[in-house]
Amino acid sequence: MREIIFQGTNMVKTYGETTVLHGISLELYRGDFAVIMGSSGSGKSTFLYAVSGMDRLSGGQIFYKRKSSSGEMIDIAHASEKELTRLRAEDFGFVFQRSHLVSSLTLEENIRMAGLICGSMSEKEIWEKTDVLIRQMGLEKAKDRLPAQVSGGEAQRAAVARAVIAAPGILFADEPTGALNKANTEEVLDLLTSLYVRGQSILLVTHDREAALRGNRILYLEDGSIVGELELSPYRGKDRDREQKLASWLEGFRW
């Protein structure tokens, strides 16, 4: 049986008199590469921020099962700021459209700092894991440079490394390739895919079909409601049938 790590019930988010999320109920599973798609203004980013505790729901519940052996269930919708801070440091990883690296730190220092903030690893473990991630992300030549001295792709790869150094229970990615060119987009998507293959749970928000193709579960959001879901086999490279299946499914939403 698949292990549920997120379970949301009747999730509502309003801003003033505007309702952005309309009673969404959803389960996310450990090991999923779940993708949220939808047109601009459909509520994709709002959904991600609410699920991850970066924004508060206006109604409903969202429970998260911690990665620890105890499997503690946290009610994110009603958690204290202290509890949410702990989750963001220990259980959640975040990658955004911009890398948001600390400009005064090198790429290596940015990655290592995230390990220190987590607080669950020794200094030796942080150094060792930083070295491993730098190799995995192909950042050996750029590790001693500041963010302003590297390409957008290198900065975003460092941001991915920073997000996963604490082995998060889930990695949240909000349009992580939105500001990259095609070559750098492929590099970042390949990294996310490799993390997924190694067991990393991922929730990705995107408007890009190429990014969506990497997922095994595609959810379509329209006017704050989930109106469709498509399941795909794990990504194993370019696949014309897979591309056509997604394209045909998206056509049903006038995409």
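Details
- Of residues in segment 76-115 being of a type in the set (S, T, N, Q) and touching a Lys or Arg at 6+ places or on another chain (Cβ under 7 Å), the one nearest to Ile165 (Cα to Cα): Asn110
- Counted residues, segment 122-147 - those being more than 22 Å from the chain's Cα centre (by Cα) and part of a loop (DSSP other than H, G, I, E, B): 8
- Considering only residues in segment 1-12 that are open to solvent by 40 Å² or more (accessible area, probe 1.4 Å) and touching an Asp or Glu at 6+ places or on another chain (Cβ under 9 Å), the one that is nearest to Tyr49 (Cα to Cα) turns out to be Gln7.
- Of the listed requirements (1) within 19 Å of Ala173 (Cα to Cα); (2) at pLDDT below 95; (3) open to solvent by less than 60 Å² (accessible area, probe 1.4 Å), Arg88 misses just one: (3).
- On the stretch given as segment 50-77, residues that are modelled with pLDDT of 90 or more and of a type in the set (Ser, Thr, Tyr) total 3.
- Segment 118-153 - residue that is in contact (Cβ under 8 Å) with a residue 40 or more places away in the chain and open to solvent by 70 Å² or more (accessible area, probe 1.4 Å) and, of those, nearest to Pro168 (Cα to Cα): Ser120
- Taken together, the residues in segment 13-62 that are open to solvent by less than 30 Å² (accessible area, probe 1.4 Å), among the aromatic types (Phe, Trp, Tyr) and either in contact with a Ser or Thr (Cβ under 7 Å, 6 or more places away or on another chain) or without any contact (Cβ under 8 Å) to a residue 24 or more places away in the chain (or both) amount to 0.
- Residue within segment 231-250 that is part of a strand (DSSP E or B) and open to solvent by 20 Å² or more (accessible area, probe 1.4 Å) present: yes
- Residues that are assigned to a loop (DSSP other than H, G, I, E, B), open to solvent by 50 Å² or more (accessible area, probe 1.4 Å) and without any contact (Cβ under 8 Å) to a residue 40 or more places away in the chain within segment 177-230 comprise Asn181, Arg198, listed in sequence order.
- Condition met for Leu105 (modelled with pLDDT of 95 or more, touching a strand residue (DSSP E or B) at 6+ places or on another chain (Cβ under 7 Å) and either assigned to a strand (DSSP E or B) or open to solvent by 30 Å² or more (accessible area, probe 1.4 Å) (or both)): no
- Within this structure, Ala158 passes the test of being part of a helix (DSSP H, G or I) and farther than 18 Å from Arg214 by Cα.
The values are calculated or read from the model by the stated rules, or taken from the named source; none is laboratory data. None of these values were measured; they are calculated from a predicted model. Methodologically, a virtual Cβ is constructed for each residue, glycine included, from the backbone with ideal geometry; neighbour enumeration extends over all protein chains shown. Ligands, DNA and RNA are stripped out before the accessible areas are found, and what is left, the full protein with its side chains, is counted by its heavy atoms. Shrake-Rupley method; radii C 1.70, N 1.55, O 1.52, S 1.80 Å.
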